[in-house]
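Below: the structure, in structure tokens.
Values quoted throughout were computed directly from the atomic coordinates according to the rules given, and no laboratory measurement underlies them. Because the structure is predicted, anything quoted here is derived from the model rather than measured. In this analysis, Cβ positions are derived from the backbone assuming ideal geometry, glycine residues included, and neighbour counts consider all displayed protein chains.
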Amino acid sequence: MKKIIKIILFLGLTFTVGIGKIVANEKIKIGLLVPLTGKNSEIGQSIVKSVRLAVNKINNLSIEIVPKDTKSSPEITLRAAKELADLDIKIVIGPVFNENLIYLDKLNNITFLALTNKNDNFSKNIINAGINATSQLNAIKKFIELNEIKKTIFLTPDIDFKNEIQKAISISKIKILENYIYNTDPTKLTKQIEKITGYEIRKQNLEDEITRLEKSNQNNKERLIEKLKKRDTLGDVNFDSVIISDFDESLKSVTTSLLYTDVSPKNKYFITLNQWFDESLLKETSSQPLYFPSANKKNYDNFSTEYFESYNKYPNQLSFLSYDLVGLIYYLILQNDSIIDQKIFTKKTLFKGKVGIFEIKNNKISHILNFYKVENEKFKKIF
């Protein structure tokens, strides 16, 4: 059984592991590449604040955070990264956006923990630290196996993200019947869902059965006909669960289309991706229960409360992840005899943070996630 490394820092206790290994006047410098000005400045400012919260929690004066403004520009990101390199900084949290990674492969002496959620790293010195689709499908796969669900389909929007889903399906080895790609245009979506679910055939089956009964001499046909007329279709779909790779209003459009075609979460599993506990889902009672993988909700709520008490506003999700990355970096440095180099991300390590369990191996980070359902207007933990 794998040993899970529990960092005392994130359990709310005093962090005492290995502090004596750090030389008193030797700094642990961690760079930050985030948008501090411009249209995404609120995201960047929130990340800086959460990182400072983490440093305060560790309570080690040797840690120094050096933030640089990317202005959400690839060229400015490169310039800022070079400034961090000139300061001999070896590890950087950021950038935030995937498009800002394109020039950073030139800076081989720095390891960037990008806050993006792509399955594959952009280059050897860039590690995607976000919650990627593979990590989410691994949690969904576990849920499917625990519930002995045999027939699963995917519904994936026809956007760039579909490539990440296809990779994740392959990497996770989740067993599915089909991955259907749908048009996000609501005027086209319902027709596609009708076809996927065999709606017209099932609707015709109902009409045919009512007609047959009307022409029959069956004793209880009136009662049977009355019962059938309360239904929309007759016959089952060819799947037990549906995984919807979508979010926000688009997700709701898909569930609405499924309900319209007489596919209900009362007898089929409706599963989706990490929704970060979007409270608008609580009101969608007709689409419940709805299942999804995510970070640890209790920790997420506690972090949000701590952040609010410090800054009188709530953080974004990337702030939550950034908070954990500070602890992860600090722990890996301690485990590497306080030597800061790129090797710390090559060894297989399990780290328990607030988000959940980080798995580090061969310059890749994956997440072992919790699993939740939305039911009766509440979020309930499954595992």
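Listed values, structure above:
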| item | result |
| --- | --- |
| Label point distance in nm, Lys195-Asp105, each placed 7 Å from Cα along Cα→Cβ | 3.8 |
| Estimated inter-spin distance, Arg223 and Tyr314, nm [label 7 Å along Cα→Cβ] | 5.2 |
| Dipole of region 255-337, positive end: most advanced residue of Gln335, Leu281, Phe303 [Cβ charges, Cα centre] | Leu281 |
| Structure-derived Kirkwood radius over Cα pairs in Å: which label, when the choices are (i) 20.9; (ii) 22.0; (iii) 23.0 | (iii) |
| Shape category assigned to region 149-213 from the gyration tensor of Cα positions, a/c cut at 1.5 | oblate |
| Theoretical FRET efficiency, 1/(1+(r/R0)^6), r = Cβ-Cβ of Asp337 and Asp301, R0 25 Å, to 0.05 | 0.10 |
| Gained length - Asn163 relative to Thr346, 0.36 nm times residue gap less alpha-carbon distance | 63.3 nm |
| Ranked list, fewest to most other Cβ atoms within 10 Å of each Cβ, for Phe379, Phe292 | Phe379, Phe292 |
| Förster-model FRET efficiency, 25 Å R0, Leu213 and Tyr180, C-beta, rounded to 0.05 | 0.15 |
| Antiparallel bridge percentage (DSSP; both residues within the chain; nearest 5) | 35 |
| Long pairs among Lys142/Lys352; Lys266/Lys381; Lys29/Lys106; Lys266/Lys354; Lys124/Lys354; Lys173/Lys298, criterion Cα-Cα beyond 22 Å | Lys266/Lys354; Lys124/Lys354; Lys173/Lys298 |
| Order of Tyr372, Tyr199 - criterion: other Cβ atoms within 10 Å of each residue's Cβ, fewest first | Tyr199, Tyr372 |
| Residue of Leu281, Leu228, Leu318 that the Gaussian network model of the chain assigns the largest fluctuation, springs spanning Cα pairs under 10 Å | Leu228 |
| Taking Asp86, Asp232, Asp278 and counting other C-beta atoms within 10 Å, the order from fewest to most | Asp86, Asp232, Asp278 |
